[in-house]
Structures are given as C-alpha cells and as structure tokens.
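Notes to accompany the following structure.
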Protein chains: 2
Amino acid sequence: MADWIEQFPGLSRLDGDLRETLVRQSRVVEVPQGTVIFGPGKAPENLLLLLAGVVRVQQVAENGREIVLYRVHAHESCVLTTACLLAYEDYSAEGIAETDVTAVAIPRSVFDEMIARSADFRRFVFTAYSRRITDLFMVIEEIAFRRLDLRLAAKLLERKDAAGDVLLTHHQLATELGTAREVVSRQLQEFIRRGWVTAGRGRVHVTDAEALGEFAHSA
Amino acid sequence: MADWIEQFPGLSRLDGDLRETLVRQSRVVEVPQGTVIFGPGKAPENLLLLLAGVVRVQQVAENGREIVLYRVHAHESCVLTTACLLAYEDYSAEGIAETDVTAVAIPRSVFDEMIARSADFRRFVFTAYSRRITDLFMVIEEIAFRRLDLRLAAKLLERKDAAGDVLLTHHQLATELGTAREVVSRQLQEFIRRGWVTAGRGRVHVTDAEALGEFAHSA
DNA sequence: CCGGGAAGGTGACTAAGTCACCGTTCCGGG
DNA sequence: CCCGGAACGGTGACTTAGTCACCTTCCCGG
C-alpha cells in the first residue's frame, strides 16, 4: 500500500526509484488521541507525515502555563521536529495527538537519504519549514501586538464546527491564546452580553459569526 | 582566499572536492551597517554565512511596533531566510545589518547542490535551523509568560558592553522586548531608584550588575 | 544661533494578568 | 444511590502592562 504518497503534493512527483525507497523504508503508524508524540526528554525518532488527524504543538512554561504554537494537519509534516531531532536538544515544546492520528513514519536515515537524492523532497521539506516558521512568526506578532479580545473572537471563528460550536473549555481557549483562564472567561461574558455567543460547560456556541468576524477584523 | 571555511565548525570537515565547489561558487560580500538584507518584498537571493558583524532579524507589525526575533553573529548563518526563500513568501520579518557585515554569499543553486552532496553540510544547515527555531520558541515563551521588568533586567545585562554601558535608546530597548517606550522608561526609572543603573541620553549604564542579575533570575 | 527631529518624562486611562476563593457540575467508586 | 474529588467556571481586588496625549530637553545641521 503506497498510495499515501499521492496525498502529498510535494512528493507525488518523485520518480519510481526514490518513491519505492521511501515507501519501502517507512511504515504507517496509528497513534491514539492524547499520545505525546514528542516532548521534553522525548526526542522524535522519525519524520511524521500525517495521513489523518491533527497534531498540536505547544510550549509549556515552568510555571505551568501553555501556549499552542501550531497544528499539523493531514497531508502535512512535523518538520520542525526533524530539525530539533538532528541537532541540539533542550527545547520545551511538545507535540500531542489531538485526535487519533494515522501517519507515515520516515526514519532519520531515510530522511537524510531522501534529502540527498531528491530535489523534490528537498523542496517539500523546505516548504514545510517555511510554513511552520511563518506560523511561529504569526504567533509572535499576535501575542506581542494584538488585543486579546480580537484574538479570542478570531479563535472562536477558527475553531467552531459546522454547527457553530466550539468544544473547548475556557482553560483550553486560554492555552490557545497564551493567556489565563479568567481573562478568557471575562471576555466571553462580554461576547455573551453582546449576543454573539452563548456558553455551556466545555462549549461555546457562536450565534452571530458575522458580528464576531467584523469585530475580529476591526482595529 | 578560502580560509573562511575553517571558521565554520560544521563545514571544516568538508572534503576537498566539495570544499572547492563551495569556495569557488560563493563570494565574500561587504554589507554596510543599516542595510536591509531581506525584508517584505525583498527576498534574499543567497544563504549568508557571517564572517564578521551582526544581523538583527525583527518583525514589524502594521501598527508600526517592532520586536527583535534573534541575531545572527559571526560564524553563524541566516538559514531561516533560505527556507522562506525557497518557499512561499509573505512574511513580514526583516534582516538588518546591525554593524558593518562581512559574509559569504552562497547562491541558491549551490546551496541546493551542497545539501544534496554533503551530509556534513546538511548537518550544518539543520543544526543552524534548530538553533534559530529554539530562539523563536524562547521569544514566544518570554513575551507570553515572563514579567517585563525581569526581561528588561536580563536584556540590559545581555547587551551591556565591557564598561557596563548599554548604548540603546528607550525606544530600541522597547523593540528588543516587544513593548512600548513608555513602559521601558518607567521600568528604568525604578531600576535607577534602586541604584542598579544610571541613565543618559541613548545610554543606560549598569552600575550593579549583580543585583540586576539576581533580580532577573528571581521569580 | 535657531529650527526641527529624536529622546525621554508624565498623568490619566484602559487592557491584561494574578491571586484567592467560591459555587456548580460531572463522574466513578463504594 | 450517594459521596467525594476533580474539573469547570465565576468573581472581586489587586498588580502589571500598554495606550494616548502632551510636554520638555537635547542635539545637530543649516
């Protein structure tokens, strides 16, 4: 079963030989929800290409506070881990399977060989890097310069499902934004007061996405 | 003149053939202080390896506020630019020669060839990536979770010269920390009041580095 | 020597984060 | 079925940080 390679635009152009190398030397793994894929003192052994599911990468401070850095979705790769895997290692970010995850695991040695042999693979890897680094830049810009209420509004819109529900606790929303629970609670109350959302235990329901969106983009 | 290669620990082990390729196809450039090396709408064309000087990489927000992300020093490389150079491009970070800079410029094509042919070069590049990404993680952790007065104290110690002088304006210190000038001014007044520093136009003099250091590491 | 820009000081205000504590809800074991 | 603990969320009082408007001082070039 090697069809997975077609799911990665950057890899589908690999020619027969390389493609076979890649497919033969990697394996498909299943990772249950909640698994810590990598973290402090737990260096990743493989480059992961996600076939299904979501991996959340977050930073944990000594004082216990957390912030979500980015997510890896299906058909993307966990490239930043490869960097930190190939080099010196004492960073405090961790990757967690946010859902059940199906992924292709490419061992370090194969990763290195592919980098050496395929310009397409190199492009794939560096493109993935670029995307992650851009994500990090955006996180920095957001937490340094944008108002929390605007960020919360945007986050609710980003994470609501088709029915308009955001199935996160206030604490989880705070982690998404790198702030404290109480701050989220109070901001949500303001949104409720304005009639943009309703609240329930562990859920926020977006009732007026349009107003929320307009607010998020104002100022 | 190819001795520069010896200055890069990760490159000095390249064997004769590769080494010659690298040396022949790259050139040494001089960049005057203040030059914008890359930035919005100004993609870098080369991988830079610094021989002398410092490059400051910073993010600029629409509202005009800035934050310093990291610095590239002598014997390091501007790797993140290669990623963003090889891939999609709309990030708002910019790199500025903070001093006069001497650097080796390696064209994109040579970079790619070296990556393909040399495991040592790959290690060099990915190690450099790792360091930068770690820097970014630390920036995020700092601005999200650490108190500003502690960060300012640490920054003064980090950037003081041998005589204890920090030759930066309040505005520049604010940019270092991603905050506003007034906030820096007020914190500095508190440090002055405590007798840890003295101030002058465009300079802060650290008089009690020990107390400042103890403060920076408290809490 | 004077005019303008950079530097920085200040008060009043708003936004954000912290701390301590509360009640409520949920869920699993006894 | 009920109890107890943990997760969830609300709240007041406070501190820290950021914003806005405006001021003075200093420096440098014309």
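So A:THR81 fits all but one of (1) more than 13 Å from chain B (Cβ to nearest Cβ); (2) under 27 Å from A:ALA119 (Cα atoms); what number is the exception?
It is condition (1) that A:THR81 fails.
Exactly one of these conditions fails for A:VAL28: (1) touching a Ser or Thr at 6+ places or on another chain (Cβ under 8 Å); (2) assigned to a helix (DSSP H, G or I); (3) more than 13 Å from chain B (Cβ to nearest Cβ). Give me its number.
Going through (1) touching a Ser or Thr at 6+ places or on another chain (Cβ under 8 Å); (2) assigned to a helix (DSSP H, G or I); (3) more than 13 Å from chain B (Cβ to nearest Cβ) one by one, A:VAL28 breaks only (2).
Restricting attention to the stretch B:185-204, which residues are near DNA strand D (Cβ under 9 Å from one of its atoms) and outside any helix (DSSP H, G or I)?
Those that are near DNA strand D (Cβ under 9 Å from one of its atoms) and outside any helix (DSSP H, G or I): B:GLY200, B:ARG201, B:GLY202.
Can you name every residue in the stretch A:168-219 that is under 16 Å from A:VAL68 (Cβ atoms) and not polar (S, T, N, Q)? Break it down into steps so the answer makes sense when it comes.
Filtering the stretch A:168-219 for residues under 16 Å from A:VAL68 (Cβ atoms) gives A:168-181, A:183-184.
Those that are under 16 Å from A:VAL68 (Cβ atoms) and not polar (S, T, N, Q): A:LEU168, A:HIS170, A:HIS171, A:LEU173, A:ALA174, A:GLU176, A:LEU177, A:GLY178, A:ALA180, A:ARG181, A:VAL183, A:VAL184.
What's the number of the condition A:ARG122 fails, among (1) free of Cβ contacts under 8 Å to residues at least 24 places away in the same chain; (2) away from chain B (no Cβ under 14 Å); (3) crowded, with 16+ Cβ neighbours inside 10 Å; (4) away from DNA strand D (no atom under 12 Å from the Cβ)?
Going through (1) free of Cβ contacts under 8 Å to residues at least 24 places away in the same chain; (2) away from chain B (no Cβ under 14 Å); (3) crowded, with 16+ Cβ neighbours inside 10 Å; (4) away from DNA strand D (no atom under 12 Å from the Cβ) one by one, A:ARG122 breaks only (2).
Please work out if A:VAL28 is over 13 Å from A:GLY95 (Cβ atoms) and surrounded by 12 or more Cβ atoms within 10 Å (Cβ to Cβ).
Details: over 13 Å from A:GLY95 (Cβ atoms): yes; surrounded by 12 or more Cβ atoms within 10 Å (Cβ to Cβ): yes.
Taking the combined requirement at face value, the residue satisfies it.
Here is a list: A:ALA43, A:ALA116, A:ALA61. Which entry is surrounded by fewer than 17 Cβ atoms within 10 Å (Cβ to Cβ) and either more than 8 Å from every other protein chain (Cβ to nearest Cβ) or under 11 Å from the mean Cα position of the chain (by Cα) (or both)?
Details: A:ALA116 fails: either more than 8 Å from every other protein chain (Cβ to nearest Cβ) or under 11 Å from the mean Cα position of the chain (by Cα) (or both); A:ALA61 fails: either more than 8 Å from every other protein chain (Cβ to nearest Cβ) or under 11 Å from the mean Cα position of the chain (by Cα) (or both).
Selected residue: A:ALA43, the only one of A:ALA43, A:ALA116, A:ALA61 that is surrounded by fewer than 17 Cβ atoms within 10 Å (Cβ to Cβ) and either more than 8 Å from every other protein chain (Cβ to nearest Cβ) or under 11 Å from the mean Cα position of the chain (by Cα) (or both).
Which ones in the stretch B:170-190 are in contact (Cβ under 8 Å) with a residue 60 or more places away in the chain and surrounded by fewer than 18 Cβ atoms within 10 Å (Cβ to Cβ)? Full working, then the answer.
Residues of the stretch B:170-190 that are in contact (Cβ under 8 Å) with a residue 60 or more places away in the chain, as a first pass: B:175-178, B:180.
If the condition is that a residue be in contact (Cβ under 8 Å) with a residue 60 or more places away in the chain and surrounded by fewer than 18 Cβ atoms within 10 Å (Cβ to Cβ), then B:ALA180 is the only one that fits.
Filter the stretch B:1-21 down to residues that are within 17 Å of B:ALA52 (Cβ to Cβ) and small (Gly, Ala, Ser), then give me how many there are. Write out each step before concluding.
So the first thing to find is which residues in the stretch B:1-21 are within 17 Å of B:ALA52 (Cβ to Cβ), and the list is B:1-9, B:11.
This time we only want the ones that are small (Gly, Ala, Ser), so: B:2.
Total satisfying the criteria: 1.
Answer yes or no: is there a residue in the stretch B:163-184 that is within 11 Å of DNA strand D (Cβ to nearest atom), over 30 Å from B:LEU11 (Cα atoms), more than 23 Å from the chain's Cα centre (by Cα) and at pLDDT 95 or above. Break it down stepwise before answering.
Within the stretch B:163-184, the subset within 11 Å of DNA strand D (Cβ to nearest atom) is B:174, B:177-184.
Pick out the ones that are also over 30 Å from B:LEU11 (Cα atoms) and you get B:174, B:177-184.
Still in the list and also more than 23 Å from the chain's Cα centre (by Cα): B:182-183.
Adding the requirement that they be at pLDDT 95 or above leaves B:182-183.
Checked against the condition, which is being within 11 Å of DNA strand D (Cβ to nearest atom), over 30 Å from B:LEU11 (Cα atoms), more than 23 Å from the chain's Cα centre (by Cα) and at pLDDT 95 or above, the stretch B:163-184 yields at least one hit.
Which one of the conditions (1) more than 8 Å from chain B (Cβ to nearest Cβ); (2) farther than 21 Å from A:ALA52 by Cα; (3) free of Cβ contacts under 8 Å to residues at least 60 places away in the same chain does A:ARG147 fail to meet, given that it meets all the rest?
(3)
Name the single residue that is nearest to the other protein chains (Cβ to nearest Cβ) among those in the stretch B:191-213 being loosely packed, with under 12 Cβ neighbours inside 10 Å and more than 8 Å from DNA strand C (Cβ to nearest atom).
Filtering the stretch B:191-213 for residues that are loosely packed, with under 12 Cβ neighbours inside 10 Å and more than 8 Å from DNA strand C (Cβ to nearest atom), the one nearest to the other protein chains (Cβ to nearest Cβ) comes out as B:GLU210.
Name the single residue that is farthest from the other protein chains (Cβ to nearest Cβ) among those in the stretch B:125-137 being touching a residue at least 24 places away in the same chain (Cβ under 8 Å) and not hydrophobic (A, V, I, L, M, F, W, C).
B:ASP135
Residue by residue through the stretch A:152-169, note down the ones that are within 12 Å of DNA strand C (Cβ to nearest atom) and surrounded by 20 or more Cβ atoms within 10 Å (Cβ to Cβ). Spell out the reasoning first.
Applying the first criterion (within 12 Å of DNA strand C (Cβ to nearest atom)) to the stretch A:152-169 yields A:152-153, A:169.
Result: A:LEU152, A:ALA153.
The values are calculated or read from the model by the stated rules, or taken from the named source; none is laboratory data. The shown structure was predicted, so the numbers you read here are calculated from the model rather than taken from an experiment. As a convention, Cβ positions derive from the backbone with ideal geometry for all residues, glycine included, and neighbour counts pool all protein chains shown.
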